[in-house]
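The values are calculated or read from the model by the stated rules, or taken from the named source; none is laboratory data. Predicted model, so just to flag it, every value in this text is computed and none were measured. As a convention, Cβ positions derive from the backbone with ideal geometry for all residues, glycine included, and neighbour counts pool all protein chains shown.
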Ligand code: RP5
């Protein structure tokens, strides 16, 4: 099975990124986690990315805050799908990272999830791998069904409380 690479620009991003890691674990997807920065360790970020396909990765998740160039810099060096997570920081509430991640020039796509949208980043990576993996597709479908059942249970409780 292909692996997912989870890259973050700083270990300060980990509280958000952990939600993606937990979702990958739940879905039984193999992964690696690294701290590489587009600005502070550009050589290491590039070297990792250039060899990612041959080392068995099928998708890369890249999380960064502020002037968040990590996902774009990674995407520039691979044709693997790259999913960007813009990380919220204090001054601009994550709008800075969102725009830096999402506004890629034509030719180098980054699939950008919501600010701090780590769970969806993991799910999107899983859906990409599931194109060629029936077992993973089944696990994703089962999760959808569990999530729907949980919402329907909440609906039943609210209806019971308010609708007479
Ligand atoms: C970005 O700068 C990182 O992804 C992080 O979100 C932000 C701040 O990094 P630290 O100063 O906390 O290391 O590159």
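Give the residues of the range 1-29 that are part of a loop (DSSP other than H, G, I, E, B) and either surrounded by 14 or more Cβ atoms within 10 Å (Cβ to Cβ) or within 16 Å of the ligand (Cβ to nearest atom) (or both), sorted by residue number.
Within the range 1-29, the subset part of a loop (DSSP other than H, G, I, E, B) is 1-2, 9-10, 27-29.
Passing the criteria: 2, 9, 10, 27, 29.
Can you run down the residue pairs with Cβ atoms below 6 Å, 6 or more apart or on separate chains, where the first is in the range 4-20 and more than 24 Å from residue 136 (Cβ to Cβ) and the partner is within 14 Å of the ligand (Cβ to nearest atom)?
Between residues of the range 4-20 that are more than 24 Å from residue 136 (Cβ to Cβ) and residues that are within 14 Å of the ligand (Cβ to nearest atom), the close pairs are 9/37; 9/64; 9/70; 11/35; 13/63; 13/87.
Restricting the search to the range 27-54, which residues are farther than 22 Å from residue 100 by Cβ and touching a residue at least 40 places away in the same chain (Cβ under 8 Å)?
27, 28, 29
Quick one: which of 38, 75, 68 is modelled with pLDDT of 95 or more, crowded, with 21+ Cβ neighbours inside 10 Å, out of contact with any helix residue (DSSP H, G or I) (no Cβ under 7 Å at 6 or more places or on another chain) and over 27 Å from residue 138 (Cα atoms)? Show your work before the answer.
Working: 38 fails: out of contact with any helix residue (DSSP H, G or I) (no Cβ under 7 Å at 6 or more places or on another chain); 68 fails: out of contact with any helix residue (DSSP H, G or I) (no Cβ under 7 Å at 6 or more places or on another chain).
Only one candidate passes the filter, namely 75.
If I filter the range 85-98 for residues that are within 9 Å of the ligand (Cβ to nearest atom), assigned by TED's automatic domain parsing to the domain that holds residue 10 and within 17 Å of residue 43 (Cα to Cα), do I get at least one hit?
Scanning the range 85-98, I find no residue that is within 9 Å of the ligand (Cβ to nearest atom), assigned by TED's automatic domain parsing to the domain that holds residue 10 and within 17 Å of residue 43 (Cα to Cα), so the answer is no.
List the helices (runs of 4 or more DSSP H) that sit entirely inside the range 57-159 and contain at least 2 residues that are within 14 Å of residue 5 (Cα to Cα). It would help to see each step written out before you state the result.
Numbers: elements: 70-75, 95-102, 118-130.
Qualifying helices (runs of 4 or more DSSP H): 70-75, 118-130.
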